[in-house]
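*Asks:* A single structure is presented below for examination.
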Amino acid sequence: MTPIKYIATAFVAFFLGTAAVAGASEPTAGIPCDDLHTYSLTLPDDAFNPSAFSVSAWIKTDRPGESQGVLDVGVPSQCFSFYVYNGFRMLVAKGGGSDEYGYAVAPAPEKNTWTHYCGTYDGKTICVYKDGAIVQKKEFYSELTAADYAGKILLIGAMEPNFQRPFYGQLNDVALWNRVLSAADVAAIYANGVDGAPEAPVASWNAQSVAADGEKLIANGPRAFDASREFFEPLLNKKDSGYRGVWYYNQKLNNEYVYKYSGGMGTYPANHYPFAVYRPEVDKTFFCYGGFDPSESSLWHEVGVYDHKTKKVSRPTVLLDKMTEDAHDNPVMSMDDEGRIWVFSTSHGTGRPSYIHRSVRPYDISEFERVEPTKILDGAKVPMDNFSYFQVWNVSERGFITFFTTYDRSLVADADPNSKAQRLLATASSANGIEWSAWNPLAATEIGHYQNARVHYSRDKEADDGKPQVKIGTAFNYHPAKPKGNRGVGLNWRTNLYYMESNDLGKTWQSVDGEPLETPILSSKTPALVHNYEEENLNVYVTDLAYDAQDRPIIGYVTSKGFESGPEMGPRYFCTAHWVGDTWEISTVCEVDNNYELGMFYMEEADQGVMRLIGSFDDGPQSYNTGGEISQWISRDVGKTWEKEIQLTENSAVNQCFPRRTIDANPDFYAFWATGNGREKSISTLRFSTKDGKVYELPRVMKEDWEAPTLITK
């Protein structure tokens, strides 16, 4: 089953097309919806009147007792929601900075039975109708204006944040009016379909129109236009005027620290890798990042290059507009044996499409082309157009290996037909970057996992084909589905530390001590367990995985008492777990002040027992928020003990966030990161450091095609 492609873009047309179900009451068919089939688009500036609007839909679900979105703009305290929850609700937010909202509720639908719901709001009264008859009125005054809706995403079959609470079943005759329907209007629509309304809706969507137009959302009226291929594949291939990182936050908190995590997120998240690759053939470091468009309202995927001969950086190439502010959609990159640059544009969940692009010419960022990747599903080639938390390596003469997250539970249906996992860990490979293997699920325990993987060339070992032996491994946590003690459930309560590896490029998997593992892993109690932090009531945030001179894994991670920012969830520690041949040796590097402090290992001198670690471990100007000051640490006993080697940044105005290791790093472009205020939206710059401790900032405004970065430290 492949996800339907989503449309999430600012455009001059609201929906596309004109078809509607005329003269019908109960539908004979609908659009299938589930966690892989939700729909979205961006509202044009003048598309919505929050003081006079109506929405309606036929729904049919096999889970009437679960919370499920039908139509939604924003989280419940932001705009409006039309959804199943303890009945069926029409909800409107108050606005004006308040978290208040009001709603009217109707009885829930019967299981697998078509039911028609309509909701209206006139600025002071919310009404909800079921099967053509009014059920409840609620007086509620909202302060929302059209500006509060402009540019926001309208979701069909899901709710914010991030396409949560998907609808399970079918929807049909979904419609929106910029007017308040009367009781007679609603009865006519119930009896005769959308055409029964005295006025056509601003937008409508149904089974026939979607099927006729290639599974695209449908619009009515003068806004309609003929969408071209280029519109849906927003390849820009243009030069930017400088380096602007994306600023992003996730989950507001009711404390002085404001957000769960936030700040300059151009190199976020920890589960994306790599962002930079050095190629000695041309003595250049190529890198990608999440940039902000000039209006600082949309995520741009951008690519730059640093020339180690001239000590200058190029103007960045804007690859595409991802049409979201969500930094989870940040790109990652790899380079093939011929020197072509591959950019993998990820998506957060199934709400937006994913893309793969490659440079037209080797070692050249000036022009990219989109490839049409496929994967094997049920023995057939199908489009590979949605993937999350992507980590990818080019293995010489073998092609690409990737570890990633998928939300497709059908991958584990045979192993666990009742799986509720929302984030499944998987791996895949490709000889050419275009034709990918079947997705092989690795773990789907309870609600799911986050992972950090690594591809490692084993020392002095050869594979059966005579090429160097490659070990692949992944370290991960799990998201519990059941509360234990005073702990909650889901990703905010991620815990435990696991590791698994393969010596045959993923054909078979084993624990660190060689015990065979059956994949996908479906239990929190598995031989892959490194340490049971759930018993210690601690959260676990995995940041990196490396290998020592004996090809034994070393895992970096943060522990804490909970997900919120602030001292209450401390103390937090950055730890390492090192397999020493017969046990996991766990060490503490230092105390940190936020769950999302990233640390990455450097192993160039592993044969001498020396390893380095660069992390945002020191308190920054926004204490207890994401990031801080960046420091470089060294261990001379393979991670048993650590000491700070270099303080890379200090006395910063804003926090330094998510330092990333460069593949085959040149000492002059050793780590790469972004800056940003942890408690309020700010500009974000991009910086890199040298191995000997110099820090440079990339120019936000460039007048020439190549310019020298600014030295920040001496």
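*Asks:* Suppose we keep only residues that are among the polar types (S, T, N, Q) and under 18 Å from the mean Cα position of the chain (by Cα) within segment 416-462. Which one would you say is nearest to residue 348 (Cα to Cα)?
*Replies:* Only one residue tops the list, namely 422.
*Asks:* Could you name every one of the strands (runs of 3 or more DSSP E) located completely within segment 582-621 that has at least 1 residues being of a type in the set (S, T, N, Q) and surrounded by 21 or more Cβ atoms within 10 Å (Cβ to Cβ)?
*Replies:* 611-618
*Asks:* When you scan segment 189-204, how many residues do you find that are polar (S, T, N, Q) and surrounded by fewer than 24 Cβ atoms within 10 Å (Cβ to Cβ)?
*Replies:* Number satisfying all stated conditions: 1.
*Asks:* What number goes with the only condition from (1) of a type in the set (A, V, I, L, M, F, W, C); (2) open to solvent by 10 Å² or more (accessible area, probe 1.4 Å); (3) part of a strand (DSSP E or B) that residue 270 does not pass?
*Replies:* (3)
*Asks:* Only one of these is among the polar types (S, T, N, Q), touching a strand residue (DSSP E or B) at 6+ places or on another chain (Cβ under 6 Å) and touching a residue at least 24 places away in the same chain (Cβ under 8 Å): 685, 710. Name it.
*Replies:* 685
*Asks:* Scanning for something of a type outside the set (Ser, Thr, Tyr), within 23 Å of residue 470 (Cβ to Cβ) and either modelled with pLDDT of 90 or more or in contact with a Cys (Cβ under 9 Å, 6 or more places away or on another chain) (or both), does segment 346-362 turn up at least one residue?
*Replies:* Yes, segment 346-362 contains at least one residue that is of a type outside the set (Ser, Thr, Tyr), within 23 Å of residue 470 (Cβ to Cβ) and either modelled with pLDDT of 90 or more or in contact with a Cys (Cβ under 9 Å, 6 or more places away or on another chain) (or both).
*Asks:* Now for a separate question. Could you tell me which numbered condition residue 545 fails, if it satisfies all but one of (1) touching a Leu at 6+ places or on another chain (Cβ under 9 Å); (2) under 20 Å from residue 614 (Cα atoms)?
*Replies:* Of the numbered conditions (1) touching a Leu at 6+ places or on another chain (Cβ under 9 Å); (2) under 20 Å from residue 614 (Cα atoms), the odd one out for residue 545 is (1).
*Asks:* Further question on the same structure: Which number in (1) closer than 28 Å to residue 74 by Cα; (2) open to solvent by 10 Å² or more (accessible area, probe 1.4 Å); (3) without any contact (Cβ under 8 Å) to a residue 40 or more places away in the chain marks the one condition that residue 340 misses?
*Replies:* (1) is the only condition that residue 340 fails.
*Asks:* Additional query: Might you let me know whether segment 126-147 holds any residue that is charged (D, E, K, R), touching a residue at least 60 places away in the same chain (Cβ under 8 Å) and touching a Gly at 6+ places or on another chain (Cβ under 9 Å)?
*Replies:* No, the conditions are met nowhere in segment 126-147.
*Asks:* Would you kindly identify the strands (runs of 3 or more DSSP E) lying entirely within segment 378-486 that contain at least 1 residues that are of a type in the set (Gly, Ala, Ser) and either within 25 Å of residue 340 (Cβ to Cβ) or open to solvent by less than 40 Å² (accessible area, probe 1.4 Å) (or both)?
*Replies:* Once the strands (runs of 3 or more DSSP E) in segment 378-486 are filtered for at least 1 residues that are of a type in the set (Gly, Ala, Ser) and either within 25 Å of residue 340 (Cβ to Cβ) or open to solvent by less than 40 Å² (accessible area, probe 1.4 Å) (or both), what remains is 388-395, 399-406, 424-430, 435-438, 440-443, 451-462, 468-478.
*Asks:* Just for strands (runs of 3 or more DSSP E) wholly inside segment 76-135: which have at least 2 residues that are at pLDDT 90 or above and closer than 17 Å to residue 167 by Cα?
*Replies:* Output list reads 80-84, 88-93, 115-121.
*Asks:* I'd like to know if segment 361-377 contains one or more residues that are of a type outside the set (Ser, Thr, Tyr), over 30 Å from residue 314 (Cα atoms), open to solvent by 10 Å² or more (accessible area, probe 1.4 Å) and assigned to a loop (DSSP other than H, G, I, E, B).
*Replies:* No, every residue in segment 361-377 fails to be of a type outside the set (Ser, Thr, Tyr), over 30 Å from residue 314 (Cα atoms), open to solvent by 10 Å² or more (accessible area, probe 1.4 Å) and assigned to a loop (DSSP other than H, G, I, E, B).
*Asks:* Another question about this same structure. Of the numbered conditions (1) open to solvent by less than 20 Å² (accessible area, probe 1.4 Å); (2) more than 18 Å from the chain's Cα centre (by Cα), residue 504 fails exactly one; give the number of that condition.
*Replies:* (1)
*Asks:* Please specify each residue of segment 155-184 satisfying the condition of being at pLDDT below 85 and either in a strand (DSSP E or B) or under 12 Å from residue 55 (Cα atoms) (or both).
*Replies:* Correct list: 155, 159, 164.
*Asks:* Just a yes or no: is a residue in segment 646-658 under 30 Å from residue 457 (Cβ atoms) and in contact with a Leu (Cβ under 7 Å, 6 or more places away or on another chain)?
*Replies:* yes
*Asks:* Going through segment 86-125 one residue at a time, which ones are out of contact with any Cys (no Cβ under 9 Å at 6 or more places or on another chain), at positive phi and either in contact (Cβ under 8 Å) with a residue 12 or more places away in the chain or surrounded by 19 or more Cβ atoms within 10 Å (Cβ to Cβ) (or both)?
*Replies:* Across segment 86-125, the qualifying residues are 86, 87, 96, 112, 123.
*Asks:* Regarding segment 294-305, can at least one residue be identified that is surrounded by fewer than 22 Cβ atoms within 10 Å (Cβ to Cβ), under 21 Å from residue 653 (Cα atoms) and either modelled with pLDDT under 95 or more than 17 Å from the chain's Cα centre (by Cα) (or both)?
*Replies:* Among the residues of segment 294-305, at least one is surrounded by fewer than 22 Cβ atoms within 10 Å (Cβ to Cβ), under 21 Å from residue 653 (Cα atoms) and either modelled with pLDDT under 95 or more than 17 Å from the chain's Cα centre (by Cα) (or both), which makes the answer yes.
*Asks:* Kindly list, by first and then second residue, each pair from a residue in segment 626-643 that is under 17 Å from residue 588 (Cβ atoms) and open to solvent by less than 30 Å² (accessible area, probe 1.4 Å) to a residue that is assigned to a strand (DSSP E or B) and β-branched (Val, Ile, Thr), limited to pairs with Cβ atoms under 8 Å and residues at least 6 apart or on different chains.
*Replies:* Taking only residues 6 or more apart or on different chains, the pairs are 631/614; 631/646; 633/589; 633/614; 639/554; 639/576.
The values are calculated or read from the model by the stated rules, or taken from the named source; none is laboratory data. Here the structure is a predicted model, which means the values were calculated and not measured. All Cβ positions, glycine included, derive from the backbone under ideal geometry; neighbour counts span all protein chains shown. Ligands, DNA and RNA are excluded from the accessible area calculation, which covers all protein heavy atoms including side chains. Shrake-Rupley method; radii C 1.70, N 1.55, O 1.52, S 1.80 Å.
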